1. Among the residues that make up the range 129-143, is at least one of them loosely packed, with under 14 Cβ neighbours inside 10 Å and part of a loop (DSSP other than H, G, I, E, B)?
2. Hey, among the residues in the range 1-22 that are of a type outside the set (Asp, Glu) and assigned to a helix (DSSP H, G or I), which one's farthest from residue 74 (Cα to Cα)?
3. When you go through (1) touching a Gly at 6+ places or on another chain (Cβ under 9 Å); (2) within 15 Å of residue 130 (Cα to Cα) one by one for residue 39, which number turns out not to apply?
4. Against the definition (surrounded by 17 or more Cβ atoms within 10 Å (Cβ to Cβ) and not in a helix (DSSP H, G or I)), how does residue 97 come out, yes or no?
5. So residue 124 ticks every box in (1) crowded, with 16+ Cβ neighbours inside 10 Å; (2) within 27 Å of residue 143 (Cα to Cα); (3) touching a strand residue (DSSP E or B) at 6+ places or on another chain (Cβ under 8 Å) but one. Which box is left unticked?
6. Taking residue 61 as the residue in question, decide whether it is under 23 Å from residue 21 (Cβ atoms) and either out of contact with any Ser or Thr (no Cβ under 7 Å at 6 or more places or on another chain) or modelled with pLDDT under 95 (or both).
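The values are calculated or read from the model by the stated rules, or taken from the named source; none is laboratory data. The model shown is predicted, which means the values in this text are computed figures rather than measured ones. Every residue, glycine among them, receives a Cβ derived from its backbone with ideal geometry; neighbour counts consider all protein chains shown.
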Amino acid sequence: MRIDILNGPNLNLLGTREPEIYGSMTLAEIAEMVKEHAGESHQIIFEQTNSEGTLVDLIQRAGREADGLILNAASYTHTSIAVHDALKAVAVPKVEVHLSNPLAREEFRHHSYVSPVVNVVIAGAGPEGYRLAVTALINMTGS
């Protein structure tokens with residue numbers, strides 16, 4: 001089973017960016033944690049981009065090549081109709097992940113263009129949310 005885990009803008013700064021909100025783990029450390037959790041029978045593709053267009057391309061690729069998609073769209077969650085449309089166009093099971101709980105933060109973070117077009121939303125569990133998302137996808141696909 002192949003799972004594409006895609007991360008949006010500024011998540012490359014994890015570990016140093018607002019650790020009181022996002023924690024102290026780096027994105028590379030989260031990727032290693034997730035790959036270890038998934039085991040060798042699951043291929044994990046873990047990527048990050050600050051570019052909206054690149055994120056759309058990666059979502060489309062996941063729809064063609066992956067068995068499941070985990071997305072932390074970061075701020076694009078609240079702004080990107082393009083990300084919404086790309087997610088809507090792909091048929092693989094999809095999980096939205098957020099390290100923090102957007103509903104407990106600024107009001108502009110309360111709206112998600114991603115949530116209506118995914119199967120599962122995991123928010124506020126910190127890095128553990130990525131492991132939960134992998135487990136959810138494995139359970140959804142029976143792989």
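1. Yes, there is a match, as at least one residue in the range 129-143 is loosely packed, with under 14 Cβ neighbours inside 10 Å and part of a loop (DSSP other than H, G, I, E, B).
2. If we take residues in the range 1-22 being of a type outside the set (Asp, Glu) and assigned to a helix (DSSP H, G or I), then 19 is farthest from residue 74 (Cα to Cα).
3. Of (1) touching a Gly at 6+ places or on another chain (Cβ under 9 Å); (2) within 15 Å of residue 130 (Cα to Cα), only one is false for residue 39: (1).
4. yes
5. (1)
6. For residue 61, the condition - under 23 Å from residue 21 (Cβ atoms) and either out of contact with any Ser or Thr (no Cβ under 7 Å at 6 or more places or on another chain) or modelled with pLDDT under 95 (or both) - is not met.
Yes/no matrix, rows are residues, columns are (1) buried (at least 16 other Cβ atoms within 10 Å of the Cβ); (2) more than 14 Å from residue 134 (Cα to Cα):
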{"site": "3", "(1), (2)": "yes, no"}
{"site": "13", "(1), (2)": "no, yes"}
{"site": "34", "(1), (2)": "yes, no"}
{"site": "52", "(1), (2)": "yes, yes"}
{"site": "72", "(1), (2)": "yes, no"}
{"site": "93", "(1), (2)": "yes, no"}
{"site": "107", "(1), (2)": "no, yes"}
{"site": "113", "(1), (2)": "yes, yes"}
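So that you can scan it fast, the table gives a plain yes or no per residue for (1) outside any helix (DSSP H, G or I); (2) in contact with a strand residue (DSSP E or B) (Cβ under 9 Å, 6 or more places away or on another chain); (3) within 20 Å of residue 143 (Cα to Cα):
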residue: 24; (1), (2), (3): yes, no, no
residue: 30; (1), (2), (3): no, yes, no
residue: 44; (1), (2), (3): yes, yes, yes
residue: 56; (1), (2), (3): no, no, no
residue: 69; (1), (2), (3): yes, yes, yes
residue: 85; (1), (2), (3): no, no, no
